[in-house]
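The values are calculated or read from the model by the stated rules, or taken from the named source; none is laboratory data. What you see is a predicted model; the values in this text were computed from it and never measured. Reconstructed Cβ throughout: ideal geometry from the backbone, glycine too, with neighbour counts over all protein chains shown. Only protein heavy atoms, including side chains, enter the accessible area calculation; ligands, DNA and RNA are left aside. Shrake-Rupley method; radii C 1.70, N 1.55, O 1.52, S 1.80 Å.
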Amino acid sequence: MTLGAPKPVVLVVDDETIVAEVVGRYLRRDGFAVISASTGAEGLAAGLDQAQPPHIIVLDVMLPGMDGLEVCQRLRQARVTVPIILLTARGEEADRIGGLGIGADDYVVKPFSPAELVARVKAQLRRVRLDTSPPLDGHLRGGEIELDPLDRDVKVRGQQVTLTAKEFDLLHYLMAHPAEVFSRDDLLDAVWDKDFVGGPATVTVHIRRLREKIERDPSRPSHIKVVWGTGYKFEPST
């Protein structure tokens with residue numbers, strides 16, 4: 001998470017006090033703000049709260065009164081679109097399919113590792129963040145660089161440069177989100193196919209090659225900059 005940015009809010013709905021406390025502790029340790037509810041009715045009300053809307057909901061299926069499946073269904077009917085991760089002791093395939101079928105985004109079977117749940121929360125939030133495709137109409141301009149998404153054409157200081165398909169896609173994504181910092185994992189998720197088997201080092205290699213083609217001095221880049229300990233960003237000004 002970027003230093004100084006507001007903490008993402010996680011709504012945890014679970015009637016097991018120990019589970020809720022442990023999950024909340026792990027989430028807070030990773031920089032999240034946590035709202036807790038212990039019944040379906042409380043969870044539904046918190047999920048619909050416009051004053052402090054959650055960014056993601058961790059929802060137990062087995063709740064007193066209104067169960068988690070009904071809460072999930074009602075939230076989706078109310079057009080609440082934030083990710084919902086269901087928690088349940090029932091691991092049967094039919095239950096998983098049923099939960100996903102009513103609008104849940106992920107399904108975690110108890111007992112589970114709190115660290116794994118935090119990782120899934122992060123993955124869902126990253127997916128939401130990256131689920132904004134760069135525009136395909138109009139030119140993108142940033143400093144000395146012009147990019148045409150339709151013709152897949154790039155000019156640097158008025159001269160056309162040749163990029164590979166992935167180099168173009170990476171530059172396109174960064175230019176479409178100027179000054180926004182992305183980790184290597186973010187860029188891997190956004191630019192590469194879901195079945196890609198390589199790791200984050202692939203992003204590092206492509207960043208280096210891009211700099212060699214578009215920067216005046218690749219060792220002191222003015223456009224594709226590293227934010228130490230976080231990732232990369234495109235700086236439109238020179």
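Need the failing condition index for Gln50 against (1) open to solvent by less than 50 Å² (accessible area, probe 1.4 Å); (2) farther than 21 Å from Ala119 by Cα; (3) not charged (D, E, K, R), just the number. All conditions pass for Gln50, except number (1). Can you tell me how many residues in the range 1-15 are open to solvent by 10 Å² or more (accessible area, probe 1.4 Å), modelled with pLDDT of 90 or more and not acidic (Asp, Glu)? Matching residues across the range 1-15 total 1.
Leu147 falls short on exactly one of the conditions (1) out of contact with any strand residue (DSSP E or B) (no Cβ under 9 Å at 6 or more places or on another chain); (2) not in a helix (DSSP H, G or I), and that condition is (1). Residue under question is Thr39, and the condition is that it be in contact with a Pro (Cβ under 6 Å, 6 or more places away or on another chain) and open to solvent by 10 Å² or more (accessible area, probe 1.4 Å); does it hold? Taking the combined requirement at face value, the residue satisfies it. For the structure I just gave you, tell me whether Pro64 is within 19 Å of Lys122 (Cβ to Cβ) and either assigned to a loop (DSSP other than H, G, I, E, B) or free of Cβ contacts under 8 Å to residues at least 24 places away in the same chain (or both). No, not satisfied. When the residues of the range 82-104 are filtered to those that are in a loop (DSSP other than H, G, I, E, B) and either among the small types (Gly, Ala, Ser) or modelled with pLDDT under 85 (or both), which remaining residue is nearest to Val23 (Cα to Cα)? Among those that are in a loop (DSSP other than H, G, I, E, B) and either among the small types (Gly, Ala, Ser) or modelled with pLDDT under 85 (or both), it is Ala89. If the condition is being open to solvent by less than 50 Å² (accessible area, probe 1.4 Å) and over 28 Å from the mean Cα position of the chain (by Cα), then the range 215-235 contributes only Glu215. So, of the residues in the range 28-61 that are part of a helix (DSSP H, G or I) and more than 21 Å from the chain's Cα centre (by Cα), which turns out to be farthest from Leu125 (Cα to Cα)? So the residue we want is Ala41.
Taken together, the residues in the range 189-210 that are surrounded by fewer than 21 Cβ atoms within 10 Å (Cβ to Cβ) and modelled with pLDDT under 90 amount to 12. Every condition in (1) modelled with pLDDT of 90 or more; (2) touching a helix residue (DSSP H, G or I) at 6+ places or on another chain (Cβ under 6 Å) is met by Glu21 except one, and the failing one is (2). Considering the range 16-27, and only residues there that are open to solvent by 60 Å² or more (accessible area, probe 1.4 Å) and assigned to a helix (DSSP H, G or I), the residue that is nearest to Arg127 (Cα to Cα) turns out to be Tyr26. When the range 99-121 is filtered for residues that are touching a residue at least 60 places away in the same chain (Cβ under 8 Å) and buried (at least 17 other Cβ atoms within 10 Å of the Cβ), the ones remaining, listed by number, are Leu117, Val118, Val121.
Of the helices (runs of 4 or more DSSP H) contained entirely in the range 163-238, those carrying at least 3 residues that are among the acidic types (Asp, Glu) fall at 184-191. Of the numbered criteria (1) at pLDDT 90 or above; (2) on the phi < 0 side of the Ramachandran plot, the one His177 fails is (1).
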